[in-house]
Amino acid sequence: MKEKKIHLLLAVLATGIMSFAGVLIETAMNVTFPTMIKQFGISTGMVQWVTTIYLLVISIMVPFSNYLLKNFSIRKLFIIANLFFIAGLMTDLWSPSYSILLIGRLLQGISTGIALPLMFHIILNFTPMHKRGTMMGVGTLTTSIAPAIGPTYGGIMTASLSWHAIFLFLLPILVLSLIIGLYAIPEIPVKKTGALDIVSLIGVALLFSGLLMFLNQIGSLVSLLSLAVGIIGLLIFYRQATRGKNPLVRITVLKNKVFVLFLCGFLVCQFLLLGISFVLPNFVQIVLGKDAFIAGLVMMPGAAVGAILAPISGRVLDSFGAKKPILLGLSFATIGWIALTLLLRSPFLLGFVAGHVFYMIGIGFSYSNLMTTGMNLLSEDEYGDGNTLFNTLQQFSGAVATAIVATIINLTQQAQSDFIAATITGSQISLLFLLALLLAVLIACLVHFRKAATPA
């Protein structure tokens with residue numbers, strides 16, 4: 001019997017559509033926060049759980065998916081992920097309360113937590129090495145551009161219809177993804193490679209939930225207890241990863257210092273993407289008094305530029321190596337970020353658009369190439385662990401970035417009587433914090449490439 005072959009481009013497209021929708025919805029909801037605060041009578045700190053619970057579930061699911069990919073076919077996993085997403089969309093489409101909304105977001109998080117590593121698994125295992133940069137550029141487009149497009153999409157839906165429409169118009173997209181995937185992804189048998197390390201999974205859940213609760217409750221007794229839970233989770237996970245028979249993730253790949261450098265650079269870019277997607281739309285609405293539609297449109301030009309550059313940057317990597325696109329990208333991102341930070345004190349819409357475009361040029365050149373370069377440092381049997389680390393920490397860093405930014409702004413608003421002035425101050429502090437991380441990555445990459453170019 002002839003073995004069915006995977007239709008690579010269509011398979012990446014199907015999983016990419018699902019991943020894109022998953023990441024898009026992370027930031028699409030940010031534009032709705034002022035509306036939800038009024039509708040449900042909740043605080044700025046509470047409303048960000050619409051994003052945080054989603055990212056938390058993804059952060060737990062991605063390590064779990066490393067086990068799933070080793071024990072179940074990619075076709076089965078694709079179908080399960082797609083159906084979970086559709087169920088989550090249907091739940092949120094008709095959600096009558098904030099709690100039901102969060103349940104729907106949880107289901108969507110399960111789906112995206114499977115879809116993202118599945119997409120990169122297909123790219124890494126079925127793409128020839130000389131085309132990997134380009135395909136990784138296409139794949140990471142979902143995670144680099146979707147956060148920027150999200151506020152625009154969410155703003156249009158909220159202003160024209162309601163925030164429920166955000167979920168409605170993603171339904172046909174997911175159905176299309178399902179149809180393409182059913183055709184492109186055949187049933188490929190998988191040799192099962194060990195039992196599930198439940199203890200590691202519990203450790204991951206305690207670690208991520210504890211740290212996020214800590215960030216959301218800073219200053220209270222609950223925050224200290226949450227931090228303790230997170231530390232316990234870290235210790236459990238580390239013990240299993242180093243001593244367990246079948247750990248969820250083999251962290252031995254972290255012994256490669258250059259891999260860690262590119263991983264950290266990638267995570268900082270994710271911090272920036274999620275941070276600005278929270279700060280800028282809310283700033284435009286609260287400080288400038290614009291509606292959700294305008295707040296979303298501010299992000300659109302930058303998103304378009306980033307979308308165009310993501311696959312192009314992969315081809316640049318394939319042709320010229322990692323140094324030029326990564327350093328060029330991080331430099332552009334830094335200049336754009338500085339501009340955005342300064343503009344918060346003298347805000348005007350076109351300035352925000354220009355600063356965001358400049359920043360997204362940088363992300364377009366650097367983001368995917370940081371991941372590709374890091375993964376290329378690993379052996380084939382380490383791909384699963386490297387992929388899991390990139391995707392797990394990517395989503396968790398997004399959740400952390402959202403939580404930190406929301407906490408800074410919320411604390412500033414509580415400390416000052418002037419709500420608008422406090423929002424300006426809190427937003428600027430948030431961007432300055434993220435700027436420091438970006439500068440650290442830029443300097444570290446400059447040092448690395450200079451050393452790599454120097455003969456021993």
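The values are calculated or read from the model by the stated rules, or taken from the named source; none is laboratory data. These numbers were taken from a predicted model, which means no experiment stands behind them. Neighbour counts run over all protein chains shown; Cβ positions are idealised from the backbone, glycine included.
Here are the numbers for the structure shown:
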| item | result |
| --- | --- |
| Condition met for residue 132 (basic (Lys, Arg) and buried (at least 24 other Cβ atoms within 10 Å of the Cβ)) | no |
| Pair list, Cβ under 8 Å, 6 or more apart: segment 295-312 residue of a type in the set (A, V, I, L, M, F, W, C), other residue outside any helix (DSSP H, G or I) | 303/145; 307/145; 310/145 |
| Segment 341-352, residues that are under 12 Å from residue 299 (Cα atoms) and crowded, with 17+ Cβ neighbours inside 10 Å | 352 |
| Of residues in segment 374-406 being surrounded by fewer than 21 Cβ atoms within 10 Å (Cβ to Cβ), part of a helix (DSSP H, G or I) and more than 17 Å from the chain's Cα centre (by Cα), the one modelled with the highest pLDDT | 376 |
| Of all residues in segment 185-196 being of a type in the set (A, V, I, L, M) and touching a Ser or Thr at 6+ places or on another chain (Cβ under 9 Å), the one that is farthest from residue 67 (Cα to Cα) | 185 |
| Unique residue being assigned by TED's automatic domain parsing to the domain that holds residue 158, within 20 Å of residue 420 (Cα to Cα) and touching a helix residue (DSSP H, G or I) at 6+ places or on another chain (Cβ under 8 Å) when the list is 297, 349, 317 | 349 |
| Pairs where the first residue, in segment 263-284, is crowded, with 24+ Cβ neighbours inside 10 Å and the second is not in a helix (DSSP H, G or I), C-beta under 6 Å, 6+ apart | 284/290; 284/298 |
| Residue check for residue 42: of a type in the set (Val, Ile, Thr), touching a residue at least 24 places away in the same chain (Cβ under 8 Å), surrounded by fewer than 21 Cβ atoms within 10 Å (Cβ to Cβ) and not in a helix (DSSP H, G or I) | yes |
| Output for segment 232-262, where each listed residue is within 21 Å of the chain's Cα centre (by Cα) and free of Cβ contacts under 8 Å to residues at least 24 places away in the same chain | 260 |
| Verdict on residue 157 being surrounded by 24 or more Cβ atoms within 10 Å (Cβ to Cβ) and under 30 Å from residue 322 (Cβ atoms) | no |
| Failed item, numbered, when residue 421 is tested on (1) surrounded by fewer than 17 Cβ atoms within 10 Å (Cβ to Cβ); (2) under 30 Å from residue 373 (Cβ atoms) | (2) |
| Residue 416, sole failed condition from (1) modelled with pLDDT of 85 or more; (2) of a type in the set (S, T, N, Q); (3) surrounded by fewer than 16 Cβ atoms within 10 Å (Cβ to Cβ) | (1) |
| Tally of residues being within 17 Å of the chain's Cα centre (by Cα) and free of Cβ contacts under 8 Å to residues at least 24 places away in the same chain across segment 407-439 | 0 |
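Residue-wise test of (1) aromatic (Phe, Trp, Tyr); (2) surrounded by 24 or more Cβ atoms within 10 Å (Cβ to Cβ).
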{"residue": "31", "(1), (2)": "no, yes"}
{"residue": "54", "(1), (2)": "yes, yes"}
{"residue": "79", "(1), (2)": "no, no"}
{"residue": "88", "(1), (2)": "no, yes"}
